[in-house]
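Okay, structure first, notes after.
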Amino acid sequence: MSTWLDALLDAPDLPCVSISVAATQGSAPREVGARMLVWEQGTAGSVGGGNLEFQAIDIARQHLRGGATTGAHLHRFALGPGLGQCCGGVVVLLFETVTGAATCFATLHELLSKRRTAALISIVDGSHADSRLLVSDATCLGELVDERLFTSLVDEARDMLRTRGASQLCTLNDRNGRPVQAFVQTFYPSDLQMLVFGAGHVGKALVPLLAQLPCEISWIDTRADEFPGTASANVRRIDSSAPEYCVDDASPGSFYIVMTHSHALDQAICERILRRGDFSYCGLIGSRSKRLKFEKRLHARGISAPTLKRLVCPIGVAGINGKQPAEIAVAVAAQLLIEYGQRQVNEAQPPHPVVVRGE
């Protein structure tokens, strides 16, 4: 779930400025669609850091101090000559004043929590520059006096959602034939699904780290009192007396991290994952000797040798040898990102013959 959106809904009565990466050219520190919020006393999210973000925050706070309550405008930043950043590209930022957590933001949060697609439209210039629309496949929030422009924007957004189009600036004509520029930011459910079994010391260090990524996490344990009092919106805490059965409800291609308080439970969970076979990653916390014991036991229960080779144990990237929970968490998170990146490469370049695989 987007951290900027969570932060906005946590402070609905404070005016702020939303800053979005609306376009880039050449090398840029963040992708189109990256967004941050700026209040007088704080920020949430990021559009790239460095001098770019420093200047953007200063512009946003000037708007707040000037009492601006409406409007949206674009600002072009040349990273090399203008800001002294080595990226050397160009970033176009969209600045919008937000006077509260409007209905569209609350609805966007609800849609994303239900793994629905959505598009947030901000009109940049012209007489409609104070307008914002939220579009999904079935609903639309917001109004425009210009019905032609409204219909065109909704149709454009839904076409983008159908084709999983990326966020972008677009220009459409209003009823008088005048061009109107709008930024359409698209949101899609994450295809990075993780199941973390165990809420012990390493689980408590790992899950908050993973929750900062664009992913959905199911955090599972038999001990409800081990979970912390709060968790990010993209973390679903599950208290289960039989955690191994949670494997059956996972999506194909999920990432599993097994680190419970019981070796017997670890084995039952790993066996169920390996029998499914459609996982992207199955990691088991423990030593090489634990792996050897599990391989022997699971092979005796009918798990094939090729399948057992896919079990990752010990977990974490090589070279990080510390045993502190935070050190293990960093090593595991890095390994998961590497595995996820490799999956994306494999799906972008399928082997011959071509096999079309659903997400």
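The values are calculated or read from the model by the stated rules, or taken from the named source; none is laboratory data. It should be emphasised that the depicted structure is a prediction, and the values quoted were computed from it without experimental measurement. Note that each Cβ is placed from the backbone with ideal geometry, even for glycine, and that neighbours are counted across all protein chains shown.
The table that follows gives values for the structure above.
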{"quantity": "Matching entry among LEU149, LEU144 (being assigned to a loop (DSSP other than H, G, I, E, B), buried (at least 17 other Cβ atoms within 10 Å of the Cβ) and not β-branched (Val, Ile, Thr))", "calculated": "LEU144"}
{"quantity": "Qualifying residue in segment 314-328 (condition: closer than 16 Å to GLY203 by Cβ and among the acidic types (Asp, Glu))", "calculated": "yes"}
{"quantity": "Residue match in segment 158-180 (condition: part of a helix (DSSP H, G or I), touching a Gly at 6+ places or on another chain (Cβ under 9 Å) and either within 28 Å of ASN234 (Cβ to Cβ) or not assigned by TED's automatic domain parsing to the domain that holds VAL32 (or both))", "calculated": "yes"}
{"quantity": "Hey, ASP130 within 17 Å of PHE105 (Cα to Cα), surrounded by fewer than 19 Cβ atoms within 10 Å (Cβ to Cβ) and modelled with pLDDT under 90 or not", "calculated": "yes"}
{"quantity": "Meets criteria (more than 16 Å from LEU206 (Cα to Cα), without any contact (Cβ under 8 Å) to a residue 60 or more places away in the chain and in contact with a helix residue (DSSP H, G or I) (Cβ under 9 Å, 6 or more places away or on another chain)) for ALA264", "calculated": "no"}
{"quantity": "Boolean, ARG35 is buried (at least 19 other Cβ atoms within 10 Å of the Cβ), basic (Lys, Arg) and at pLDDT 90 or above", "calculated": "yes"}
{"quantity": "Residue ranges of strands (runs of 3 or more DSSP E) in segment 1-72 with at least 2 members in contact (Cβ under 8 Å) with a residue 60 or more places away in the chain and touching a helix residue (DSSP H, G or I) at 6+ places or on another chain (Cβ under 6 Å)", "calculated": "16-25, 35-39"}
{"quantity": "Whichever residue in segment 84-127 is within 22 Å of the chain's Cα centre (by Cα) and in a loop (DSSP other than H, G, I, E, B) and, among such residues, is modelled with the highest pLDDT", "calculated": "THR117"}
{"quantity": "Which listed residue, of VAL154, VAL202, VAL184, VAL196, is among the aliphatic types (A, V, I, L, M), surrounded by 15 or more Cβ atoms within 10 Å (Cβ to Cβ), in contact (Cβ under 8 Å) with a residue 40 or more places away in the chain and within 22 Å of SER20 (Cα to Cα)", "calculated": "VAL184"}
{"quantity": "Residue match in segment 278-294 (condition: aliphatic (A, V, I, L, M) and buried (at least 19 other Cβ atoms within 10 Å of the Cβ))", "calculated": "yes"}
